[in-house]
Amino acid sequence: MVDLTRIMDDEVFMAFASYATIILSKMMLMSATTAFYRMTRKVFANPEDCVTFGKGENAKKYLRTDDRVERVRRAHLNDLENIVPFLGIGLLYSLSGPDLSTAILHFRLFVGARIYHTISYLTPLPQPNRALSFFIGYGVTLSMAYRLLKNKLYL
């Protein structure tokens, strides 16, 4: 059985936990941002959500799409597609005993890339801003997976 006190004393694991908390908080903020845009622009995806603003046929006019709402929603979906693999691979990576400075570099690059990706998506900044930030984050996750497979796993 794993000694949890030993894991909590591990600096790499604690660094991972810190950066995972930052990136998960950012992802939760994207949910709130999507809801804010839907409410302020009165744009809803489900008929039952429209009843607050009208009844019957009047409510149906709020059942539509909006470019800004869709942009925020797509940024949040992109977070879900990229943060979940980072969390899984990053957890295994942090438990594999990597060098502290290398691990922190991986974690910081990923978090910075995801925050910049969101800024470049919502502003919107011209390409290749968003693409570069996506590939930096994706590359960090691939780097951790490669190091894990190369050094620690029995294949």
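The values are calculated or read from the model by the stated rules, or taken from the named source; none is laboratory data. Just so it is clear, the model here is predicted, and its values are computed rather than measured. For neighbour counting, all protein chains shown are included, and Cβ atoms are generated from backbone atoms with ideal geometry for every residue, glycine included. To get the accessible areas, we keep the full protein, side chains included, count just its heavy atoms, and leave off ligands, DNA and RNA. Shrake-Rupley method; radii C 1.70, N 1.55, O 1.52, S 1.80 Å.
Can you find, within segment 64-90, the residue that is farthest from Ala145 (Cα to Cα) among those that are open to solvent by 70 Å² or more (accessible area, probe 1.4 Å) and among the aliphatic types (A, V, I, L, M)?
Out of the qualifying residues, it is Leu77.
Can you tell me which residue within segment 126-135, out of those that are out of contact with any Phe, Trp or Tyr (no Cβ under 8 Å at 6 or more places or on another chain) and part of a helix (DSSP H, G or I), is farthest from Leu80 (Cα to Cα)?
Leu132
If a residue has to be open to solvent by less than 60 Å² (accessible area, probe 1.4 Å), assigned to a helix (DSSP H, G or I) and over 21 Å from Pro85 (Cβ atoms) to count, how many in segment 9-50 make the cut?
7
On the basis of being open to solvent by 40 Å² or more (accessible area, probe 1.4 Å) and in contact with a helix residue (DSSP H, G or I) (Cβ under 7 Å, 6 or more places away or on another chain), does Ile104 make the cut?
When the stated conditions are applied, Ile104 does not pass them.
Could we say that Arg6 is at pLDDT 90 or above, open to solvent by 90 Å² or more (accessible area, probe 1.4 Å), basic (Lys, Arg) and assigned to a helix (DSSP H, G or I) here?
Judged against the criteria, Arg6 is not a match.
Go through segment 123-155 residue by residue and tally those that are of a type in the set (D, E, K, R), over 18 Å from Phe13 (Cα atoms) and open to solvent by 90 Å² or more (accessible area, probe 1.4 Å).
So the count comes out to 1.
Return the pairs, sorted by first residue and then second, in which the second residue is open to solvent by less than 50 Å² (accessible area, probe 1.4 Å), the first residue lies in segment 61-90 and is without any contact (Cβ under 8 Å) to a residue 12 or more places away in the chain, the beta carbons are less than 8 Å apart, and the residues are 6+ apart or on different chains.
Every condition considered, the pairs that remain are Lys61/Gly54.
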